[in-house]
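Comments concern the structure below.
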Amino acid sequence: MRLSDRSDLGRMRAAFVALGLGVAITLGQASPVVARGAPESFADLAEQVSDAVVNITTQTSVSAAADRSTPMLPEGSPFEDFFRDFMDRNGPGGDGPQQRQRRGAALGSGFVISDDGYIVTNNHVIEGADEITIEFFSGYELPAEVIGTDPNTDIALLKVESDQPLPFVPFGDSEVARVGDWVMAMGNPLGQGFSVSAGIVSARGRALSGSYDDYIQTDAAINRGNSGGPLFNMDGEVIGVNTAILSPNGGSIGIGFAMSSAVVTPVVDQLKQFGETRRGWLGVRIQNVTDELADALGLESPEGALVTDVPEGPASAAGMRSGDVILSFDGNEVADTRGLVRNVGNTSVGKTVPVTVFRDGAIETLDVTLGRRETAEAVPASAPANEPIQSELLGMEVTGLSDELRAQLDLADDTTGLVVTDIDEESAAFDKGLRRGDLITEAGQEKVASAADLSTAVDAAREGGRKSLLLLIERAGEPRFVALPIDEE
């Protein structure tokens with residue numbers, strides 16, 4: 001998925017094809033809009049920013065073991081002594097593989113963000129490098145050191161020492177960039193040196209594979225080697241860092257992605273201050289609210305982030321519960337899980353923030369003091385179980401937890417729930433993703449320990465006029481909510 005020469009293009013192509021990215025445009029009645037004309041030339045802009053854009057070359061030492069095993073020769077062969085002497089000369093003592101060093105080089109791009117020599121690029125451009133060389137537009141070269149990296153956003157911050165103040169470019173506000181705005185990319189495509197391409201913002205808010213993704217899609221031509229280079233608006237401000245392309249052949253087909261400056265700037269600030277990222281941590285597992293989940297929860301519309309689990313952490317200490325729907329965080333409305341993750345990650349560690357949740361038909365506000373994401377401990381996982389059939393309901397055959405099942409699931413002795421032992425592939429439960437071995441821990445936001453509890457929850461949902469029943473499912477230690485449709489009696 002990356003643009004450097006170390007990219008695995010086959011894997012990149014497969015990954016992007018699986019994403020099925022696209023843009024949908026709806027036409028309708030609207031107020032007249034006056035479109036800005038295309039610029040007559042990008043020459044002035046290119047001249048304005050070119051001195052701050054750099055080529056990056058890295059050198060990596062790779063240890064290679066030479067195969068020094070003795071050739072298979074007939075005993076007593078006249079060549080036996082010859083080969084033994086030859087192998088002995090290639091290593092001390094004649095035993096063990098000979099180690100030699102190969103030098104690997106990779107090319108990428110970057111840009112200077114301050115006159116004292118700070119440079120932004122992609123993490124994958126410099127990852128594992130022993131030496132990093134920065135080449136400026138004038139041809140002048142300087143060695144660089146790594147200040148800090150963030151693999152989650154693929155951003156790295158470098159530093160060079162210069163006797164003179166360096167030309168630099170400022171970050172712009174990617175949030176005000178609109179689909180259709182002109183942009184210009186600059187970098188070192190395919191090792192060909194400084195190159196400029198122009199296009200428009202094709203789409204906003206693209207997510208590829210990371211929790212903090214917020215990519216700008218552009219049709220400006222970018223290729224391998226453009227990694228880490230800037231995407232400029234027409235004011236000469238950096239609104240994105242070119243990172244990835246979608247391509248069936250490794251070259252530009254007009255679908256490129258630049259990490260937005262809204263994500264990059266706080267990362268760069270933290271790398272400069274701490275040498276690492278320090279993201280806020282709420283301490284919840286969450287999922288998006290679908291129409292069916294909204295109905296099952298009693299929400300008027302599918303919005304917010306549904307909490308599926310609250311392990312020990314900041315949210316737990318503040319009283320948050322599984323089944324809460326987070327509607328706002330620190331005064332900002334939460335549309336979906338991506339928005340919440342970004343807001344939390346951009347909030348200072350140790351800050352106490354108000355979090356508004358929807359719980360049991362009412363709105364509550366909790367004050368949560370955020371922890372740090374990078375030091376948060378992982379929640380232990382468990383394994384699925386497969387036990388004999390006990391009861392059948394909603395197209396599933398379920399059984400209550402026994403001591404043996406708890407042992408197989410690696411659960412505490414007091415854990416309650418129902419294990420799905422079989423499921424009808426024609427059932428709504430199967431369509432919603434339930435499978436054999438899933439553990440049902442809640443139904444209708446009430447704990448269940450037997451098939452009778454599940455049946456009671458179904459009856460209560462029907463009596464309440466619900467079209468679906470909210471189940472909390474655990475699979476391999478990961479909880480999630482499922483809104484399971486229920487038939488009318």
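The values are calculated or read from the model by the stated rules, or taken from the named source; none is laboratory data. Source: prediction; values computed, not measured. Here the Cβ positions follow ideal geometry from the backbone for every residue, glycine too, while neighbour counts run over all protein chains shown.
So that you can scan it fast, the table gives a plain yes or no per residue for (1) of a type in the set (K, R); (2) over 22 Å from P302 (Cβ atoms); (3) surrounded by fewer than 17 Cβ atoms within 10 Å (Cβ to Cβ):
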residue: T441; (1), (2), (3): no, yes, no
residue: Q445; (1), (2), (3): no, no, no
residue: A452; (1), (2), (3): no, yes, yes
residue: S455; (1), (2), (3): no, yes, yes
residue: G464; (1), (2), (3): no, no, yes
residue: L472; (1), (2), (3): no, no, no
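Note on region 189-212: residues that are more than 17 Å from I155 (Cα to Cα) and outside any strand (DSSP E or B) total 6.
Considering region 284-317, and only residues there that are crowded, with 24+ Cβ neighbours inside 10 Å and assigned to a loop (DSSP other than H, G, I, E, B), the residue that is nearest to the chain's Cα centre (by Cα) turns out to be V284.
Here the strands (runs of 3 or more DSSP E) wholly within region 213-261 that include at least 2 residues being crowded, with 20+ Cβ neighbours inside 10 Å and within 17 Å of the chain's Cα centre (by Cα) are 215-218, 238-245, 256-260.
What number of residues within region 429-452 are without any contact (Cβ under 8 Å) to a residue 24 or more places away in the chain and under 24 Å from Q408 (Cβ atoms)? Selection size over region 429-452: 1.
Can you pull out every residue in region 332-371 that is crowded, with 17+ Cβ neighbours inside 10 Å, polar (S, T, N, Q) and either in a helix (DSSP H, G or I) or without any contact (Cβ under 8 Å) to a residue 40 or more places away in the chain (or both)? Residues satisfying the conditions are T337, N343, T356. When E392 is tested against (1) at pLDDT 80 or above; (2) in a strand (DSSP E or B), only condition (1) is not met.
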